[in-house]
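Peer 1: Below are the structure tokens for one structure; questions will follow.
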């Protein structure tokens, strides 16, 4: 997943349009590229080449595993690290998306890093950074979507005021989030059933060392 996200992110807006086109039409290969170019109204060079043709196969595989929104969130998490946020916000506003609220959520991803695996701001405290490192070392830890942050419940507060929040979804999958003093998500992840004990051990360590 990380490989295809980085490759699509490197294409910029044309890559995003390619993903949206494939999700909306089910097209793959050259047909998907042609449809995306028609939407962009640009020259073939924008999405040309054998490399991009091969990328459509990776995109198809990714869309079979995650939702379009989760895929786009991962792409913008990657792009926000290297591109001006203002430019990305204007780009998102111009996109044709099926869910009107998706634009707002993607904008939040750009501005606050919501939905990104690790969102460490310049003002992120040492305690929060250490807690993130502990959680990232839990086997099977996977990025959680920021939309689930509001479903979580506080379980402890670190010395710096960071709040550790947890949530179990309908499938019994354990989620963990960190929120700052302004109740903004700075980290979110989840583990499968087989790794729940590892998450519990990490939370015990965080409580022991950072509260």
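Read-outs: derived from the displayed coordinates by stated rules, not from any lab. Since we're looking at a predicted model, the values are computed, not measured.
Peer 1: Under a GNM of the chain (C-alpha, springs under 10 Å), which listed residue has the highest mean-square fluctuation: 24, 131, 74?
Peer 2: Of 24, 131, 74, the most mobile in the Gaussian network model is 24.
Peer 1: Here's something else I'd like to know. What's the angle, to the nearest 10 degrees (0 to 90), between helix 50-65's Cα axis and the longest principal axis of the chain?
Peer 2: 50 degrees
Peer 1: Between (i) 37, 24, 17; (ii) 35, 18, 14; (iii) 45, 20, 15, which entry matches semi-axes √(5λ) of the Cα gyration tensor in Å as derived from the coordinates of this structure?
Peer 2: Recomputing semi-axes √(5λ) of the Cα gyration tensor in Å here gives the entry labelled (ii).
Peer 1: Shifting gears a bit: Could you tell me, in Å, what Rg and Dmax come out for the Cα atoms of the range 66-165?
Peer 2: 14.7, 44
Peer 1: Let me make sure I get this right: for the range 169-211, a, b and c are the square roots of the gyration tensor eigenvalues over alpha carbons, sorted descending. Under 1.5 in a/c it's rounded, otherwise prolate if a/b > b/c, else oblate. Which is it?
Peer 2: oblate
Peer 1: Relative contact order, percent, of the range 126-210 when contacts are C-alpha pairs under 8 Å separated by at least 6 residues?
Peer 2: Worked out over the range 126-210, it gives 32 percent.
Peer 1: Give me the tail of P(r) for the range 109-211 as a percent: Cα-Cα pairs with distance above 25 Å.
Peer 2: Across the range 109-211, Cα pairs with separations above 25 Å total 9 percent.
Peer 1: Please determine, in degrees from 0 to 90 and to the nearest 10, the orientation of helix 126-136 with respect to the longest principal axis defined by the Cα atoms of the chain, where the helix direction is its Cα long axis.
Peer 2: Taking the Cα atoms of the chain, the angle to 126-136 is about 70 degrees.
Peer 1: What is the angle, in °, between the Cα long axis of helix 100-112 and the longest principal axis of the Cα atoms in the chain? Nearest 10 is fine, range 0 to 90.
Peer 2: That works out to roughly 60 degrees.
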